[in-house]
1. Could you list, ordered by first residue, the pairs with Cβ atoms under 9 Å in which the first is in the range 79-95 and farther than 22 Å from Arg52 by Cα and the second is among the aromatic types (Phe, Trp, Tyr) and more than 11 Å from the ligand (Cβ to nearest atom), at least 6 apart or interchain?
2. Restricting attention to the range 126-151, and to residues there that are free of Cβ contacts under 8 Å to residues at least 60 places away in the same chain and of a type in the set (S, T, N, Q), which single residue is farthest from the ligand (Cβ to nearest atom)?
3. Out of (1) modelled with pLDDT of 95 or more; (2) surrounded by fewer than 18 Cβ atoms within 10 Å (Cβ to Cβ), what's the single condition that is false for Gln133?
4. For the range 92-103, which residues satisfy the criterion of being within 16 Å of the ligand (Cβ to nearest atom) and either under 12 Å from Tyr150 (Cβ atoms) or part of a loop (DSSP other than H, G, I, E, B) (or both)?
5. Are any residues in the range 104-125 at pLDDT 95 or above and either within 13 Å of the ligand (Cβ to nearest atom) or part of a helix (DSSP H, G or I) (or both), and if so, which ones?
6. Quickly run through the range 24-72 and pick out the residues that are basic (Lys, Arg) and modelled with pLDDT under 95.
7. From the set of residues in the range 81-91 that are surrounded by fewer than 16 Cβ atoms within 10 Å (Cβ to Cβ) and under 21 Å from Asp116 (Cα atoms), which is nearest to the chain's Cα centre (by Cα)?
Amino acid sequence: MKSKIIFKSSSVLLLCALALASASAFAHDKGHGAHADAQKIGVAGLAARVSRTVDVDMSDAMRFTPASVLVKQGETIRFVVKNSGKLKHEFVLGGAKELKEHYELMKKFPEMEHSDPNMVTVASGQAGEVIWQFTQAGEIAFACLQPGHYDAGMKGMVNVAKGKKAEKAKAAVQTPDEHASHQH
Ligand SMILES: [Cu+2]
């Protein structure tokens, strides 16, 4: 009887660990065919290397403001996440698929505590922060995984522009020679 209980709780812990691992940035290398969809979302950032601060508001309307953030590949962003609502909210960065899986797990185990460098849980009226370096270009999602919040649309997107492309685009705008060659 006792061993049954132990087995149950350890399988819950295992499920939780698996979910966190799949949401983690460090989870999978290339070549894991079964996990090809697991997205590399970047790495935990260092405070000393923060290039920019982005303020994000979370409200009981189940929205992030802004819900869309544009960054450049390689940038380290300090997200200052404020909870202006009365409910508990959280900001979790991840691949869209991994976030959804993690959310489903949270619904099954609502008492599950989770804490990782890619996320912050914020009480009403408080602010928290996540420092994250975006090493891969592409779309990286963020969401609130509190039960009901994700379903209500509490999610957003970080668009990470490719490093070289972004530099090229900037150079094109700022090169006077190129501009002069166009006839108006
Ligand atoms: Cu929320």
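The values are calculated or read from the model by the stated rules, or taken from the named source; none is laboratory data. These numbers come from a predicted model, not from an experiment. Every residue, glycine among them, receives a Cβ derived from its backbone with ideal geometry; neighbour counts consider all protein chains shown.
1. Pairs that qualify, where the first residue is farther than 22 Å from Arg52 by Cα and the partner is among the aromatic types (Phe, Trp, Tyr) and more than 11 Å from the ligand (Cβ to nearest atom): there are none.
2. Gln126
3. If we test Gln133 against (1) modelled with pLDDT of 95 or more; (2) surrounded by fewer than 18 Cβ atoms within 10 Å (Cβ to Cβ), just (2) comes out false.
4. Selection gives Val92, Gly94, Leu99, Lys100, His102, Tyr103.
5. Met119, Val120, Thr121, Val122, Ala123, Ser124, listed by residue number.
6. Residues satisfying the conditions are Lys30, Lys40.
7. It comes out as Lys88.
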